[in-house]
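The values are calculated or read from the model by the stated rules, or taken from the named source; none is laboratory data. The shown structure was predicted, so the numbers you read here are calculated from the model rather than taken from an experiment. As a convention, Cβ positions derive from the backbone with ideal geometry for all residues, glycine included, and neighbour counts pool all protein chains shown.
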Amino acid sequence: MGNAVVGNQVAGVLLAAGEGSRLGTPKALVELGGRRLVDRGVDLLRDGGTEPVLVVLGAAQVPVTGARTVHNLDWRSGMGSSLAAGLRALPGDCAAAVIALVDQPLVGAAAVRRLIAAYLAGAQIAVATYHGKPRNPVLLARPHWAGVLEAAAGDAGARPYLRAHPGLVTGVECADTGRPDDVDTPADLARLAGIVTGSGG
């Protein structure tokens with residue numbers, strides 16, 4: 001399949017399959033500032049320059065505008081299965097993919113653009129860092145997808161592969177582009193809502 005890759009097309013994959021047990025509703029459906037988290041995530045990846053954008057759903061099947069959707073039948077097993085479902089569903093002409101999480105709605109599109117720029121400059125794996133700490137999103141070049149999927153288990157996602165191959169990872173500082181805060185609880189949602197209201201975002 002590697003021979004089918006043409007150019008440097010970078011896809012976007014939004015992991016949005018979780019049930020949001022601590023929130024009481026699937027995270028894809030949660031609203032922040034009057035907009036669903038899934039829509040914010042699609043805009044993040046599209047505005048950041050990825051194409052196509054693919055949303056991995058599981059606990060809830062929701063209509064999504066501006067992106068393809070994939071249903072992860074094994075969503076209860078954790079993020080690893082959603083990552084696998086997303087990467088396997090991408091077209092053969094995608095040379096790399098930016099992976100974003102639906103529950104980090106304050107990540108900025110500029111972070112995605114910086115990861116793509118790092119890839120075009122030669123990085124095989126690029127990770128957004130915030131004050132030096134690796135978080136999300138993460139860009140994975142296609143040659144590493146198989147290794148990432150082999151190492152992914154439960155909620156670990158790409159992290160086991162990244163930890164096992166630190167020499168392949170390029171950190172890209174993004175603290176000035178947004179925040180990687182998670183929405184896991186109603187208190188998290190209320191706190192982020194205050195930030196969004198204050199910034200007008």
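Within the set Ala156, Ala151, the sole residue that is at pLDDT below 85, within 22 Å of Gly78 (Cβ to Cβ) and more than 17 Å from the chain's Cα centre (by Cα) turns out to be Ala151. Comparison of Gly49, Gly58, Gly86 shows that the only residue that is more than 16 Å from Arg135 (Cα to Cα) and surrounded by fewer than 23 Cβ atoms within 10 Å (Cβ to Cβ) is Gly49.
Just one of (1) in contact with an Asp or Glu (Cβ under 9 Å, 6 or more places away or on another chain); (2) under 21 Å from Ala96 (Cα atoms); (3) buried (at least 23 other Cβ atoms within 10 Å of the Cβ) fails for Leu44. It is (1).
State all residues of region 140-160 that are in contact with a strand residue (DSSP E or B) (Cβ under 9 Å, 6 or more places away or on another chain) and farther than 26 Å from Gly20 by Cβ; if no residue qualifies, say none. Those that are in contact with a strand residue (DSSP E or B) (Cβ under 9 Å, 6 or more places away or on another chain) and farther than 26 Å from Gly20 by Cβ: Ala141, Arg142, His144, Trp145.
Scanning region 136-173 for residues that are of a type in the set (D, E, K, R), surrounded by fewer than 19 Cβ atoms within 10 Å (Cβ to Cβ) and not in a strand (DSSP E or B) yields Glu150, Asp155, Arg159, Arg163. Of all positions in region 62-75, none carries a residue that is surrounded by 19 or more Cβ atoms within 10 Å (Cβ to Cβ), of a type outside the set (Ser, Thr, Tyr), touching a residue at least 12 places away in the same chain (Cβ under 8 Å) and within 22 Å of His165 (Cβ to Cβ). Being loosely packed, with under 15 Cβ neighbours inside 10 Å and over 21 Å from Ala85 (Cα atoms) is a description that does not apply to Ala123.
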